[in-house]
Amino acid sequence: MRVIQYPKDLKNHIGEEFGVSEWVTVDQGMIDKFAEATGDHQWIHVDVERCKKEMPGGKTIAHGFLTLSLVPRLGAKIWKIEHRSKGINYGLNKLRFTAPVPAGSRVRLKQKLLAADEVKDGGIRTTWENVVEIEGQSQPALIAEGLGVVYP
């Protein structure tokens, strides 16, 4: 776990890889809960029996946005800012879902700090390269350039 003392200190780490998270299993239960929360019940995600017959590998696949939604959870295991009041999600510059995540797969996050810019009220707007890797596969599940703002 990398510990940064203050948001402004991020400016000293631009271009650095911050680390890699632990592996987390994306199981069918997680996929089903995400489908319920979002209303996205497309069969490739939730119909286990149909996927056994019709999907390559015979498994359902996680929603791309489920994989993206794991970034904050996994990132919290890579780094933290000791002295901050709050942090907010500011959006994405780029997002690509580059490989499907079959149910039962393990994924992890690799993060690199691309930018840290001052904004009003003493905040620092960060730009991160987020790569979600799938265990045993050379192609990642997603690559996203994510933005956030942290405040002292």
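The values are calculated or read from the model by the stated rules, or taken from the named source; none is laboratory data. Note that this is a predicted model, so its numbers are computed, not measured. Using ideal geometry, Cβ is built from the backbone for each residue, glycine included, and neighbour counts are taken over all protein chains shown.
Pairs only if they're at least six apart or on different chains, beta carbon under 6 angstrom, first in the range 87-106 and touching a residue at least 12 places away in the same chain (Cβ under 8 Å), second of a type in the set (S, T, N, Q) and surrounded by 13 or more Cβ atoms within 10 Å (Cβ to Cβ); list them, first residue then second.
What qualifies is Val101/Thr67; Ala103/Gln28; Ala103/Thr60.
Might you check whether a residue that is among the small types (Gly, Ala, Ser) and on the phi > 0 side of the Ramachandran plot occurs anywhere in the range 65-75?
The initial filter retains those residues of the range 65-75 that are among the small types (Gly, Ala, Ser), namely 69, 75.
Next, only the ones that are on the phi > 0 side of the Ramachandran plot stay: none.
No, the range 65-75 contains no residue that is among the small types (Gly, Ala, Ser) and on the phi > 0 side of the Ramachandran plot.
Of everything in the range 1-17 that's in contact with a Leu (Cβ under 9 Å, 6 or more places away or on another chain) and in a loop (DSSP other than H, G, I, E, B), which residue is nearest to Gly148 (Cα to Cα)?
From the range 1-17, those in contact with a Leu (Cβ under 9 Å, 6 or more places away or on another chain) are 4, 10, 13-17; that's our starting set.
Now restrict to residues that are in a loop (DSSP other than H, G, I, E, B): 14-16.
On the way: Ile14: 14, Gly15: 16, Glu16: 17 Å.
Here the residue is Ile14.
Would you point out which residue out of Glu22, Glu82, Glu16, Glu49 is acidic (Asp, Glu) and under 17 Å from Ile143 (Cα atoms)? Outline the logic, then answer.
Details: Glu22 fails: under 17 Å from Ile143 (Cα atoms); Glu82 fails: under 17 Å from Ile143 (Cα atoms); Glu49 fails: under 17 Å from Ile143 (Cα atoms).
After ruling out the rest, the residue left standing is Glu16.
Taking the stated definitions as given, is Asp47 of a type outside the set (Ser, Thr, Tyr), at pLDDT 95 or above and closer than 24 Å to Thr127 by Cβ?
Details: of a type outside the set (Ser, Thr, Tyr): yes; at pLDDT 95 or above: yes; closer than 24 Å to Thr127 by Cβ: no.
The answer is no for Asp47.
Taking the condition of being at pLDDT 95 or above, over 30 Å from Asp27 (Cα atoms) and in contact with a helix residue (DSSP H, G or I) (Cβ under 9 Å, 6 or more places away or on another chain), how many residues in the range 117-148 meet it?
Going through the range 117-148 one residue at a time, the tally reaches 5.
I'm trying to understand the selection: among the residues of the range 105-152, which are aliphatic (A, V, I, L, M), buried (at least 18 other Cβ atoms within 10 Å of the Cβ) and assigned to a loop (DSSP other than H, G, I, E, B)?
Scanning the range 105-152 gives a single hit, Ala141.
Please return the ranges of helices (runs of 4 or more DSSP H) entirely within the range 18-60 where 3 or more residues are surrounded by fewer than 16 Cβ atoms within 10 Å (Cβ to Cβ).
28-38, 48-54
Could you tell me whether any residue of the range 72-89 is touching a Leu at 6+ places or on another chain (Cβ under 7 Å), of a type in the set (Phe, Trp, Tyr) and crowded, with 16+ Cβ neighbours inside 10 Å?
For the range 72-89, residues touching a Leu at 6+ places or on another chain (Cβ under 7 Å), of a type in the set (Phe, Trp, Tyr) and crowded, with 16+ Cβ neighbours inside 10 Å: absent.
Based on what the data block shows, is Pro72 more than 19 Å from Leu10 (Cα to Cα) and either at pLDDT 95 or above or part of a strand (DSSP E or B) (or both)? It would help to see each step written out before you state the result.
Values: more than 19 Å from Leu10 (Cα to Cα): no; either at pLDDT 95 or above or part of a strand (DSSP E or B) (or both): yes.
Considered against the rule, which asks whether it is more than 19 Å from Leu10 (Cα to Cα) and either at pLDDT 95 or above or part of a strand (DSSP E or B) (or both), Pro72 comes out as no.
If I filter the range 26-38 for residues that are closer than 30 Å to Asp9 by Cβ and in contact (Cβ under 8 Å) with a residue 24 or more places away in the chain, do I get at least one hit?
No, the range 26-38 contains no residue that is closer than 30 Å to Asp9 by Cβ and in contact (Cβ under 8 Å) with a residue 24 or more places away in the chain.
Does the range 133-152 hold any residues that are in contact with a Leu (Cβ under 8 Å, 6 or more places away or on another chain) and within 10 Å of Val101 (Cα to Cα), and which are they?
Glu133, Leu142
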